1. Just the residues that are open to solvent by less than 30 Å² (accessible area, probe 1.4 Å) and at pLDDT 85 or above, please, taken from the range 46-80.
2. Restricting attention to the range 84-98, and to residues there that are under 19 Å from the mean Cα position of the chain (by Cα) and closer than 14 Å to Q126 by Cα, which single residue is surrounded by the fewest Cβ atoms within 10 Å (Cβ to Cβ)?
3. Could you list all residues from the range 105-115 that are farther than 15 Å from L79 by Cβ, open to solvent by 60 Å² or more (accessible area, probe 1.4 Å) and touching a residue at least 12 places away in the same chain (Cβ under 8 Å)?
4. Take V77 and decide whether it is part of a helix (DSSP H, G or I), aliphatic (A, V, I, L, M), in the same structural domain as V131 (by the TED database) and touching a residue at least 24 places away in the same chain (Cβ under 8 Å).
5. Taking the stated definitions as given, is Q126 out of contact with any Pro (no Cβ under 6 Å at 6 or more places or on another chain), open to solvent by 70 Å² or more (accessible area, probe 1.4 Å), of a type outside the set (V, I, T) and at pLDDT 85 or above?
Amino acid sequence: MRTSIVVGLWLFSFVADSVRAQQCLSAIDCSPQICNQTSHRCEPCSSSAECSNNLRCFQGSCRTATLFESFGVPMVVGLFAAVATCAIAAVAGVGGGGILVPLFAVTLNMPLAKAVALSQATITGQSLLTVCAKVRLPHPSND
């Protein structure tokens with residue numbers, strides 16, 4: 001019984017790997033590797049120029065650049081725009097994620113999945129600061 005389960009799992013992983021390696025149409029199909037446009041196969045990257053967006057080639061995989069590798073004018077612009085957006089969103093009583101996600105995607109040249117995650121982390125920090133600032137205020141009905 002155990003042998004048949006092990007053989008079945010091995011066969012499933014073999015089939016899944018062969019299907020995954022068969023074809024790719026874009027870099028999304030091969031993440032974190034690259035899609036060779038001539039052979040339509042997923043391959044490891046050899047330089048950062050082959051990776052899309054703000055990704056760097058590290059040991060054959062396209063990875064997000066570290067903070068110090070990607071620091072520059074766009075990072076500063078994105079930081080100040082995010083702080084302004086969070087300040088306006090806190091005053092308005094909304095999260096601001098609808099503005100932060102495109103802001104991070106455009107100014108920091110991030111993939112959308114990472115921009116959404118960073119936006120959620122930013123909104124969490126903004127919410128915690130708002131709670132800390134408002135916890136000392138008296139209740140409005142206690143004049």
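The values are calculated or read from the model by the stated rules, or taken from the named source; none is laboratory data. Owing to the predicted nature of the structure, the values given are computational and were not obtained by experimental measurement. For neighbour counting, all protein chains shown are included, and Cβ atoms are generated from backbone atoms with ideal geometry for every residue, glycine included. Heads up: the accessible areas ignore ligands, DNA and RNA and are worked out on the full protein's heavy atoms, side chains in. Shrake-Rupley method; radii C 1.70, N 1.55, O 1.52, S 1.80 Å.
1. G78
2. G97
3. The one that is farther than 15 Å from L79 by Cβ, open to solvent by 60 Å² or more (accessible area, probe 1.4 Å) and touching a residue at least 12 places away in the same chain (Cβ under 8 Å): K114.
4. yes
5. Here the answer is no, as Q126 does not meet what is asked.
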